[in-house]
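What follows is a short report on a single structure.
The values are calculated or read from the model by the stated rules, or taken from the named source; none is laboratory data. The model shown is predicted, which means the values in this text are computed figures rather than measured ones. Note that each Cβ is placed from the backbone with ideal geometry, even for glycine, and that neighbours are counted across all protein chains shown. The area values use the complete protein model at the heavy-atom level, side chains included, leaving out ligands, DNA and RNA. Shrake-Rupley method; radii C 1.70, N 1.55, O 1.52, S 1.80 Å.
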Amino acid sequence: MQDGGGRATGDRAALDRVLADARAVQIREMRGDARSLLVERDPVAVQALREALLVTDAPGMSCMCFGDVSFVFLDAAGRELTGVTLHHGDSVRWDDAARWGGWHDDAILRDSARSLEWLAVRGVTWPLREFRAAQRRAAAAGQARRRWTADIPELITDYTAMFLETTDRGVPLLEPELVQVRDRLLSGYPDPIDRILRVLIWYGSGTANSSGYPTHEAVPAQLLDQEDPADIARAMENAAGRATAGATEHTVTSTAVRTGADTPADRALTGAVRYLASWPGRQRLPTLSAHLTPDARRAIVAHAPSAKTRAWLERRFPNR
């Protein structure tokens, strides 16, 4: 779904005026379906749906899908009055808006859940389930983003907006941007082990997934690619030793220090797993592995997020 941008188009109150003449509504899975999922004729219910479809004056969206469910409103004679389609519970597309002087985009609903709840109490439950699931995913993504930004090494936090912009544009840091950040890291953290540990902790934050993560979470990997493999291995050894010893503090102080099994050393090892499972890391894995002790390899494998990743690492770490 894309933001329409600019100003709202059409008369945002037009649909509500048209629906004042509605006496029944057919609910269909898609506009044009011959079969209705249900027909509601109760005037109180029809009025409740009318109120649920009130939209804001904000600029609308442009959704590429066909929508979740379609409402076809009928007048007192049973003739089709107009029809609208819900999109993801957030917006509504008015199929024949031009006839009534309405909007041309997908207008934003004032209350996203209200129309979905109206459907759910009548047995059409999947749009509300999908909407709530999308809300949970969005909340989880927001939490992951906050964790990730909190773990950015302190001396490069002023680049946060640039890092997050990589997800908006779908492209990692460009070479001039990477050079700029790299220079700041080198000057601010001249010790390579200290510097790499900070970046590994950062890479172990956010979603910590090896695939399917937002583009900005690849920024730490871009920075690790600039480091010497021997230094990366030494930093991983350092984290492994601290994690194995059960340390709850680290010489590297994160802006979001946690306790228990989620210490900075643990997150550095999570970042190590993530890097080794990444495409650039895989290309360097034989060299990195040669510099790692068996104890460090075992500690890294222990921080694999899934059985699949653990098995993959075990096959590539000989003589663990």
Under a Gaussian network model of the chain whose springs join Cα atoms within less than 10 Å, the largest fluctuation of 212, 170, 271 belongs to 212
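Mean residue ellipticity at 222 nm from the helices of the chain, using -39,500 (n - 2.57) per DSSP H segment of n ≥ 4 over the full residue count, to the nearest 500 deg cm²/dmol?
-14500 deg cm²/dmol
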Measure out, as a whole number of angstrom, how far apart the alpha-carbon centroids of segment 152-175 and segment 71-86 sit. 48 Å
With springs only between Cα atoms under 10 Å, which of 139, 208, 98 fluctuates most in a Gaussian network model of the chain? 98
Environment charge of residue 188, counting only residues whose C-beta is closer than 9 Å and scoring Lys/Arg +1, Asp/Glu -1: +1
Calculate the radius of gyration of the Cα atoms of segment 267-320 to one decimal place, then report Dmax, the largest Cα-Cα distance, as a whole number, both in Å. 9.8, 24
What's the whole-number percent of alpha carbon pairs in the chain lying beyond 31 angstrom? 49 percent
Share of accessible surface on carbon and sulfur in segment 155-196, whole %, 1.4 Å probe and ligands ignored, is 59 percent
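Using the Cα centre of the chain as the reference point, and only Cβ charges (+1 on K/R, -1 on D/E), how large is the resulting charge dipole? Debye, rounded to the nearest 20. Write out the running numbers ahead of the final one.
On the way: 41 positive and 42 negative charges, 221 e Å.
Dipole magnitude for the chain comes out near 1060 debye.
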If one builds a Gaussian network model of the chain from Cα atoms under 10 Å apart, the most fluctuating residue listed among 92, 121, 219 is 121
Would you report the distance distribution of C-alpha pairs in segment 102-234 as whole percents per 5 angstrom bin, up to the bin with the largest distance? 2, 9, 16, 17, 14, 10, 8, 7, 6, 5, 4, 2, 1
